[in-house]
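**Q** Take this structure first; my questions come after.
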Amino acid sequence: MENISFVFCTCDCYDDIWNLFFKRLKRFWPEMTCPVYFCTEQKEFSFDGYDIRCPLAKVTEPKENWSERLILLLKQIPDDYILFS
């Protein structure tokens, strides 16, 4: 997969399901190799086998709403195509 990124839009309070999501992603889409950009408030995350990037972690203010965080994140992604989740 070239020139495409996967954006995972979530919030810090859902961190308890992030592992489950990526376990299922790895199980049902094992060939997915594009970088994963996390759109969170301040938490970071990693999962073995994925290039997970959290550029907004500890940078944005918790008071910013999800759409403001998403716009900040999208400005940092160099790829032409985005798969949004």
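**Q** Would you check if ASP79 is surrounded by 13 or more Cβ atoms within 10 Å (Cβ to Cβ) and at pLDDT 90 or above?
**A** When the stated conditions are applied, ASP79 passes them.
**Q** Tell me, yes or no, whether region 60-68 has at least one residue that is small (Gly, Ala, Ser) and without any contact (Cβ under 8 Å) to a residue 12 or more places away in the chain.
**A** Yes, region 60-68 contains at least one residue that is small (Gly, Ala, Ser) and without any contact (Cβ under 8 Å) to a residue 12 or more places away in the chain.
**Q** Is one or more of the residues making up region 38-48 of a type in the set (Gly, Ala, Ser) and open to solvent by less than 70 Å² (accessible area, probe 1.4 Å)?
**A** No, region 38-48 has no match at all.
The values are calculated or read from the model by the stated rules, or taken from the named source; none is laboratory data. Because the structure is a prediction, the values reported are computed rather than measured. We place every Cβ from the backbone using ideal geometry, glycine too, and count neighbours over all the protein chains shown. In case anyone asks, the SASA skips ligands and DNA or RNA and just uses the protein heavy atoms, side chains included. Shrake-Rupley method; radii C 1.70, N 1.55, O 1.52, S 1.80 Å.
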